[in-house]
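Here's the structure, in structure tokens; my notes come after.
The values are calculated or read from the model by the stated rules, or taken from the named source; none is laboratory data. Treat the numbers as computed from the prediction; the structure is a model and nothing was measured. Reconstructed Cβ throughout: ideal geometry from the backbone, glycine too, with neighbour counts over all protein chains shown.
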Amino acid sequence: MRRYDCRRLSALALAALALPARAAAPLSLLEEQVTPSSAQVSYARGADTTDRRLTVTIQPGEEGYPGITLTPAGKVWDLSAYGHVEARVRNLGTKPVTVCLRVDDDGDWQANPWNAENLYLNAGATGTVKVIFGHSFGYKPAYALKPASVTKLLLFAGKSKDVPQSVRVESLAAAGEAGEKPPVDPKSIRIAPPGGVLLSASGGVAMLTETKDLTAVWSGPKTNGTVRLALASGKKEGTATLKPAVRRWTLRDGNQLVATLRNDGPAPLAVRLSLANDGTQTDPVTAELAPGKRETVILPFASKTLWDGNDKKSGTHFASDRANAITLALTSAGADGAASLTVEHLAVSTPAPLPPAWLGKRPPAEGDWKMTFQDEFDGTQVDTNKWSFYGENYWDKVSHFSKETTTVSHGLARLRFEKKRGHHNDDPRRPESDYATGFLESYGKFTQRYGYFEARMKLPTAPGLWPAFWMMPDRGGSGPQWQRSDTKNGGMEFDIMEQYIFGFAFFCLNLAQNGVFG
């Protein structure tokens, strides 16, 4: 009889348990039941049983999102062993086409229980569109799809206007490991300068990457020290560009760049300073420096030209959360072009505001003004004769208004945003979402046609929020709010203040035609 060493077998068993789990083999979904979305859409399989590819043809028509729906033979697909669904598609048409792949589960339709991604294809091109569970449209975190309860897949295009659209679905499969996460997009990487300092004698995060017609000498390593820029012999102009070591800086904690520059050469020098992100830059500023002169130069992020809705070029287009280049252009006024500049300090900051003396006391124009609405939030509760906690959320699908996130104390109304699942307006009959936000509006309690409107508020700094101070129309009479507050046919929306802080979540103080003076 053969003998076995149980101790050795136990060790082997334990070692086997410690091995990482293998990803499940891809599961083809191409042969499932197919239903066209309308009479505009037709489909065909391959010519024989070995070719199961789907050719989908969309005729011109009025349908907004024509395509096909694939459903399982049973009630649902259990795709819990996988991390994504992907489709390989070829554009057989004569014009570019955008193909959307959507994966739905059996959740409440009001919660938009799906994930989706788009694929843009030129005529004749082939590409793969992949939906990672829990992510949508650029692999951003989205609805928490239940892979064990997938009810259907949708493949659709945009409206077919003048010529037919045709795509061939060459493969459609569930694949990847369960719990798959999208790869980090290098473009999403941001470097936040500690204390807002980009360059100084004691540290910084700027790195010199490009020079033209000048030399650069650092006092220390390229991310720790000052930098001296000297024009090349015989040159009267030159440029140097400082860039982050990785991708972009996020400079949203300030609204201006402050540069300390010193002319340490023998000739007068003009320095032109600008800050850019992906081809868009701030309005440049220029400083004239005599030999030996040190100067602090302020570069505002805002444009000198105020925004005009009729002129797309007006206003600022610079995005401070994705800055990627500081450029210094040197011009020498000396006869031989000899010139040099030391960049001693670069930092972002926000200057202290200088409010006018009349602010909070009266409107900026003289006249017989009368106070018509005022709330200093002196009590411990919201004055419901003036304000409502609840209203319709026309702006997003991820947040809900809740009474619990708006409080009053010490002369302040605090509107809090938090990750907290709940029903919109605290009403169990309304849809649920994962984020609760504070909200105040005076709809149905106060209206005023003309006047001066003023509010004092402290804004959040966390990314993903969108605080706002609005005036919305109220046509009066009876009817639903969306009709009374409709901005069409002469109804005006006045956005007194909005601060978009990079993200999708919504946080709003909405004053519906509220006034201070009339």
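Data for the structure
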quantity: Residue within region 469-477 that is in contact with a Lys or Arg (Cβ under 7 Å, 6 or more places away or on another chain), assigned to a loop (DSSP other than H, G, I, E, B) and surrounded by 10 or more Cβ atoms within 10 Å (Cβ to Cβ) present; calculated: yes
quantity: Strands (runs of 3 or more DSSP E) contained entirely in region 403-444, each with at least 3 residues that are at negative phi and under 21 Å from the mean Cα position of the chain (by Cα); calculated: 417-423, 432-437
quantity: Options A142, A157, A201, A116; residue that is in contact (Cβ under 8 Å) with a residue 12 or more places away in the chain and surrounded by fewer than 17 Cβ atoms within 10 Å (Cβ to Cβ); calculated: A201
quantity: Candidate set from region 237-280 (those that are small (G, A, S) and either outside the structural domain of I326 (by TED's automatic domain parsing) or under 30 Å from G464 (Cα atoms) (or both)); member that is farthest from the chain's Cα centre (by Cα); calculated: A259
quantity: Selection status of S42, outside any strand (DSSP E or B) and assigned by TED's automatic domain parsing to the domain that holds G83; calculated: no
quantity: Selected residue (only one of T215, T209, T126, T151 is of a type in the set (S, T, Y) and touching a residue at least 60 places away in the same chain (Cβ under 8 Å)); calculated: T151
quantity: Qualifying residue in region 26-38 (condition: closer than 18 Å to V163 by Cβ and out of contact with any helix residue (DSSP H, G or I) (no Cβ under 9 Å at 6 or more places or on another chain)); calculated: yes
quantity: Residue, surrounded by the fewest Cβ atoms within 10 Å (Cβ to Cβ), within region 86-103, restricted to residues that are of a type in the set (S, T, N, Q) and in a strand (DSSP E or B); calculated: T98
quantity: Qualifying residue in region 175-186 (condition: assigned to a strand (DSSP E or B) and under 30 Å from V56 (Cβ atoms)); calculated: yes
quantity: Answer from A148, A144 - the residue that is outside any strand (DSSP E or B) and within 24 Å of the chain's Cα centre (by Cα); calculated: A144
quantity: Residues of region 64-85 satisfying the condition of being part of a loop (DSSP other than H, G, I, E, B), touching a residue at least 40 places away in the same chain (Cβ under 8 Å) and either in contact with a helix residue (DSSP H, G or I) (Cβ under 9 Å, 6 or more places away or on another chain) or surrounded by fewer than 17 Cβ atoms within 10 Å (Cβ to Cβ) (or both); calculated: G64, Y65, P72, A73, K75, V76, D78, L79, S80, A81, Y82, G83
quantity: Selection from region 262-272 of residues that are closer than 18 Å to K236 by Cβ and assigned to a strand (DSSP E or B); calculated: N263, L269, A270, V271, R272
quantity: Count of region 138-186 residues which are closer than 26 Å to E432 by Cα, hydrophobic (A, V, I, L, M, F, W, C), touching a strand residue (DSSP E or B) at 6+ places or on another chain (Cβ under 7 Å) and at pLDDT 95 or above; calculated: 4
quantity: Flag for G158 being in a loop (DSSP other than H, G, I, E, B), in the same structural domain as E62 (by TED's automatic domain parsing), at positive phi and under 27 Å from the mean Cα position of the chain (by Cα); calculated: no
quantity: Inter-residue pairs, beta-carbon under 6 Å, first modelled with pLDDT of 80 or more and in region 476-501, second outside any loop (DSSP other than H, G, I, E, B), 6+ apart; calculated: F494/M471; D495/W470; I496/F469; M497/F469; E498/A468
quantity: From R252, R262, residue being buried (at least 17 other Cβ atoms within 10 Å of the Cβ), in contact (Cβ under 8 Å) with a residue 40 or more places away in the chain and under 24 Å from E210 (Cβ atoms); calculated: R262
quantity: Selection count, region 388-398, where residues are closer than 22 Å to E493 by Cα, surrounded by 15 or more Cβ atoms within 10 Å (Cβ to Cβ) and not charged (D, E, K, R); calculated: 5
quantity: In region 25-39, the residues that are in a loop (DSSP other than H, G, I, E, B), of a type in the set (A, V, I, L, M, F, W, C) and within 21 Å of E86 (Cβ to Cβ); calculated: A25, L29, L30
